[in-house]
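Some notes on the structure that comes next.
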Amino acid sequence: TAMLNTEARNCLNAIRSPGGKVPQDRTIIRRVLRTVSLPLFICMCVISSVGIVIAIALVVFNVWNNHRRVIQSSHPVCNTIMLFGIVVCLTAVFLLGLDGRFVSPGAYPAICQTRAWLLSTGFTLSFGAMFSKVWRVHRLTTKAKSDPKVRMKKVEPWKLYSMVSGLLVADFVVMVAWQLHDPLQRRIEQFPLEDPESSNDDSKIRPELEHCESHNNNVWLAVIYAYKGLVLIFGLFLAYETRSVKVKQINDSRYVGMSIYNVVILCLITAPVTMVIASQQDASYAFVALAIVFCCFLSMALIFVPKVIEVIRHPRDKAESKYNPDAGISKEDEERYQKLLNENEDLQRLISQKEEKIKLLKERLAEKEAGKGGLTPSMLTQGKDTLIVADFITDAGTSDSAFGGGISIYTRSSRCSQSDVEFSESYL
């Protein structure tokens, strides 16, 4: 027996691999989940946290200085809505980096749904607030061409809020339909087998990557991209149309237009690129997170930095500087100017009515005289050669300024007969 055991050990040692391991009868495949790089995730979270703190500080600044003209003219509630949307978008950066390292497979679908809701809602709140402003500026400038008085009218805040509410309702309908009929689920993408790092390991590695997808994922993405794309393109058009327009009712319209330019360009670049690099978790996460961070920080800087500078330079609400060029007009001047505009409009309307009445009387008088074979219509339409003068007829057939009434017609070379004057008197 001892001899048999010795021979068995010798045979086993003979078939051992050089590393001293027994060869496997099959290839062992180990599944390895690819996750976002931890340093990259921490870096994006820190930047997003700084952005959230800045947005909250700007909300406090907006509310605290609500009485200032530079804040009032930019619609502070609309600015607060935009800042809240920025906070929501920056919060989504945290969820975009959560994967199998932090979340179990059972909880991953909930993370997917929350991501979609936060991104859609945050974009609508932030971009929708800017879109509503530039839309109102475009409407004011369009109406001002036919009615100059429109430039002095106050912009009703509910018109701005109603547009943001309409965009939110559209988002809500699409997202609820997506979540109820075809919710996002955890899908695993598998990659080709890879060799392990150690050459002595008799196994292969099967890389896997988590994705948030539904059965008809491309259809739902097409609907959302089409809807958001139309809003982006229309906002870009409005921003271009109002690029050089300044209105007193919305004093930061130019900065809002610049913010829309940047948001549209980044969104149009980010959406297709992320679809191409979706299989590279680090590149995809970094690209999307940086696009969100850049849009949020740039929008806050363009819209609020001039206001902060203005408040710091003029802490007691004195005359505003170049950042608010219309603020030097006092309230009394505005009321006086408004009153003059109203009076001017009334006088213009009265003059136009008188002109229409004179024109009508000319035409009727010309028709009567032409029918009698007396005056011809050309005599009454000779411009400066013809003048209708109120004349008062006495019994002697002469002009008097105190009695009787009628109309006499003078030309450069002749005066109408007494019968013509009597006809004019009877006609009037």
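The values are calculated or read from the model by the stated rules, or taken from the named source; none is laboratory data. Please read all numbers here as calculations on a predicted model, not as lab measurements. Note that each Cβ is placed from the backbone with ideal geometry, even for glycine, and that neighbours are counted across all protein chains shown. Side chains are part of the model used for accessible areas, which takes the heavy atoms of the whole protein and leaves out ligands, DNA and RNA. Shrake-Rupley method; radii C 1.70, N 1.55, O 1.52, S 1.80 Å.
Only one residue in PRO196, PRO183 is open to solvent by less than 60 Å² (accessible area, probe 1.4 Å) and at pLDDT 85 or above. Which one?
Of the residues listed, the single one that is open to solvent by less than 60 Å² (accessible area, probe 1.4 Å) and at pLDDT 85 or above is PRO183.
Which of the residues belonging to the range 206-228 are open to solvent by 40 Å² or more (accessible area, probe 1.4 Å), out of contact with any Pro (no Cβ under 9 Å at 6 or more places or on another chain) and either among the β-branched types (Val, Ile, Thr) or not in a helix (DSSP H, G or I) (or both)?
Once the filter is applied, which keeps residues that are open to solvent by 40 Å² or more (accessible area, probe 1.4 Å), out of contact with any Pro (no Cβ under 9 Å at 6 or more places or on another chain) and either among the β-branched types (Val, Ile, Thr) or not in a helix (DSSP H, G or I) (or both), the range 206-228 yields GLU213, HIS215, ASN216, VAL219, VAL223.
Within the range 241-263, is there a residue that is at pLDDT 85 or above, at negative phi and either loosely packed, with under 14 Cβ neighbours inside 10 Å or not in a helix (DSSP H, G or I) (or both)?
no
Before we move on, is VAL173 open to solvent by less than 20 Å² (accessible area, probe 1.4 Å) and modelled with pLDDT of 75 or more?
no
Using the structure shown, decide if VAL70 is open to solvent by 60 Å² or more (accessible area, probe 1.4 Å), assigned to a helix (DSSP H, G or I), of a type in the set (A, V, I, L, M, F, W, C) and more than 22 Å from TYR225 (Cα to Cα).
It is false that VAL70 is open to solvent by 60 Å² or more (accessible area, probe 1.4 Å), assigned to a helix (DSSP H, G or I), of a type in the set (A, V, I, L, M, F, W, C) and more than 22 Å from TYR225 (Cα to Cα).
Restricting the range 38-67 to residues that are small (Gly, Ala, Ser) and open to solvent by less than 40 Å² (accessible area, probe 1.4 Å), which is nearest to LEU209 (Cα to Cα)?
Here the answer is SER48.
Mind checking which residues of the range 95-110 are free of Cβ contacts under 8 Å to residues at least 60 places away in the same chain and among the hydrophobic types (A, V, I, L, M, F, W, C)?
Residues satisfying the conditions are LEU95, LEU98, PHE102, VAL103, ALA107, ALA110.
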